[in-house]
């Protein structure tokens, strides 16, 4: 017992480092990350044929969206024809700040889209990363 009392900091460090090593495996087993950064989103689009969907409202989409993003407002997401028919493809969701797209990713994962993720920070983070954006007429 005196060993534990005298070396509690070392034991704590060992426990925390072990937990940090195990966490990626636990996260992957739970279905992977719910949100990704802009660089991972670009990788999913370019390497895994990911589909980029903007779940912002039409006026938000018109004010600026990532080039190539499909507009599917959050309220119209379920059953939308803009969603890929292949549910194994990555679906990358975006909104102005990332809040709605996080909920949309959870909704699509429940609907069977195993690789539905949200872009952390939304289109604001996309713009900050200097990734291509465009504006369009409100639909």
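For the stretch 62-73, the set of residues classified as closer than 19 Å to residue 129 by Cβ and either touching a helix residue (DSSP H, G or I) at 6+ places or on another chain (Cβ under 9 Å) or in a helix (DSSP H, G or I) (or both) consists of 63, 64, 65, 66, 68, 69, listed by residue number.
Among the criteria (1) touching a residue at least 40 places away in the same chain (Cβ under 8 Å); (2) more than 19 Å from residue 129 (Cα to Cα); (3) loosely packed, with under 13 Cβ neighbours inside 10 Å, the one residue 105 does not fulfil is (3). Scoring residue 120 on the criteria (1) in contact with a strand residue (DSSP E or B) (Cβ under 8 Å, 6 or more places away or on another chain); (2) free of Cβ contacts under 8 Å to residues at least 40 places away in the same chain; (3) farther than 15 Å from residue 69 by Cα leaves a single failure, condition (2). It is to be established whether one or more residues within the stretch 74-92 are within 12 Å of the chain's Cα centre (by Cα), in the same structural domain as residue 59 (by TED's automatic domain parsing) and not in a loop (DSSP other than H, G, I, E, B). Yes, there is a match, as at least one residue in the stretch 74-92 is within 12 Å of the chain's Cα centre (by Cα), in the same structural domain as residue 59 (by TED's automatic domain parsing) and not in a loop (DSSP other than H, G, I, E, B). Can you confirm whether the stretch 94-112 contains a residue that is closer than 20 Å to residue 136 by Cα, under 16 Å from the mean Cα position of the chain (by Cα) and modelled with pLDDT of 95 or more? Yes: one or more hits.
The values are calculated or read from the model by the stated rules, or taken from the named source; none is laboratory data. Quick caveat, the model's predicted, so the values are computed rather than measured. All Cβ positions, even for glycine, are placed from backbone atoms using ideal geometry, and neighbour counts span all protein chains on display.
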